[in-house]
Amino acid sequence: MMKLYGSTTSPYVRRIRMLLANVEHEFINMQIFAGKDRDVLLEKNPTLKIPMLEDGEDIIYDSRVIFRYLANKYDLPALTWKQENLLTVIDSINDSLVQLLLLQRSEIESADDKLYFKLQNERVAHAFNHLNEEVLAGEFEHWEYPTICLFCLVDWTAFRQLHDLSDYSHLLDFAADHKERIEASATDPRE
Ligand SMILES: N[C@@H](CCC(=O)N[C@@H](CS)C(=O)NCC(=O)O)C(=O)O
């Protein structure tokens, strides 16, 4: 059986869990920063990041590549270039917020006048604004992979309180519309 390595809080892992909602697989919930779970990562995955998918002999790293692997295996529609770009925008926010969270956990204080923080905060605000407009334009109307990824990002940002989302009403409505889905509640990081 396929094994998905991850954690219950990672937005990158959650998107794959939601994609696999109707596919039999084993979910391995890890504590990746220390101990025996880190040893598993050290042994199997040089990026030391989650998600990671193991399917027989194949070990696939990175949610984007995992999606391509699963799309190929289960004959899911390929993403359009527009969807690839939307995913890049979603991932750019996700990456910046993961870095800001790791800095917080390292007790490095955020300083708006420091270049590193300025760049991340500007990207996050600008890219969220873009996604807010794209929701309004109907780009996330269908429940498909980029929609799942956007839902995971918005819900995780709210859960971790990483960015004030109150300016992005379409994103908030979008997240509220999907919150009750069975795959959303089954993977809620708050549980
Ligand atoms: N591009 C990767 C990003 C994955 C990622 O950043 N995962 C985080 C958890 S949310 C992680 O494993 N971080 C560990 C680290 O940065 O050391 C993907 O799409 O899978």
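A few remarks follow.
Okay, residues lined up against (1) surrounded by 16 or more Cβ atoms within 10 Å (Cβ to Cβ); (2) more than 14 Å from the ligand (Cβ to nearest atom):
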{"position": "THR9", "(1), (2)": "no, no"}
{"position": "VAL13", "(1), (2)": "yes, no"}
{"position": "LEU20", "(1), (2)": "yes, yes"}
{"position": "PHE27", "(1), (2)": "yes, yes"}
{"position": "MET30", "(1), (2)": "yes, no"}
{"position": "GLU43", "(1), (2)": "no, yes"}
{"position": "GLY56", "(1), (2)": "no, yes"}
{"position": "ILE59", "(1), (2)": "no, no"}
{"position": "ALA71", "(1), (2)": "no, yes"}
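- Taking the listed residues GLU144, GLU84, GLU139, the one that is at pLDDT 95 or above, charged (D, E, K, R), surrounded by 12 or more Cβ atoms within 10 Å (Cβ to Cβ) and touching a Leu at 6+ places or on another chain (Cβ under 7 Å) is GLU139, with no other qualifying.
- Pair list, Cβ < 8 Å and 6+ apart or interchain, from segment 170-185 residues that are farther than 17 Å from ARG17 by Cβ to residues that are among the hydroxyl-bearing types (Ser, Thr, Tyr): LEU172/SER166
- GLU183, sole failed condition from (1) closer than 14 Å to ARG15 by Cβ; (2) open to solvent by 50 Å² or more (accessible area, probe 1.4 Å): (2)
- Test: ARG64 is closer than 30 Å to LYS3 by Cα and out of contact with any helix residue (DSSP H, G or I) (no Cβ under 9 Å at 6 or more places or on another chain): no
- Unique match (being part of a helix (DSSP H, G or I), more than 14 Å from the chain's Cα centre (by Cα) and touching a residue at least 40 places away in the same chain (Cβ under 8 Å)) among LEU87, LEU119, LEU102, LEU131: LEU131
- When the criteria are applied in full, ALA34 meets the requirement of being more than 9 Å from the ligand (Cβ to nearest atom) and either open to solvent by 50 Å² or more (accessible area, probe 1.4 Å) or closer than 23 Å to THR187 by Cα (or both).
- Residue-level check: of (1) without any contact (Cβ under 8 Å) to a residue 12 or more places away in the chain; (2) within 15 Å of the ligand (Cβ to nearest atom), ASP112 misses just (2).
- Single match in LEU20, LEU97 (criterion: assigned by TED's automatic domain parsing to the domain that holds PHE159 and either touching a residue at least 24 places away in the same chain (Cβ under 8 Å) or of a type in the set (Val, Ile, Thr) (or both)): LEU97
- Taken together, the criteria place ILE50 among residues that are within 13 Å of the ligand (Cβ to nearest atom) and either under 14 Å from ILE66 (Cβ atoms) or of a type in the set (Val, Ile, Thr) (or both).
- Listed by first and then second residue, the pairs with beta-carbon distance under 8 Å, at least 6 apart or on different chains, first residue in segment 49-78 and more than 19 Å from THR147 (Cβ to Cβ), second more than 14 Å from the ligand (Cβ to nearest atom) and part of a loop (DSSP other than H, G, I, E, B), are LEU53/MET2; GLU54/MET2; ASP55/MET2.
The values are calculated or read from the model by the stated rules, or taken from the named source; none is laboratory data. Just so it is clear, the structure is predicted and the values come from calculations on it, not from any experiment. Every residue, glycine among them, receives a Cβ derived from its backbone with ideal geometry; neighbour counts consider all protein chains shown. Accessible surface areas use protein heavy atoms only, side chains included; no ligands, DNA or RNA. Shrake-Rupley method; radii C 1.70, N 1.55, O 1.52, S 1.80 Å.
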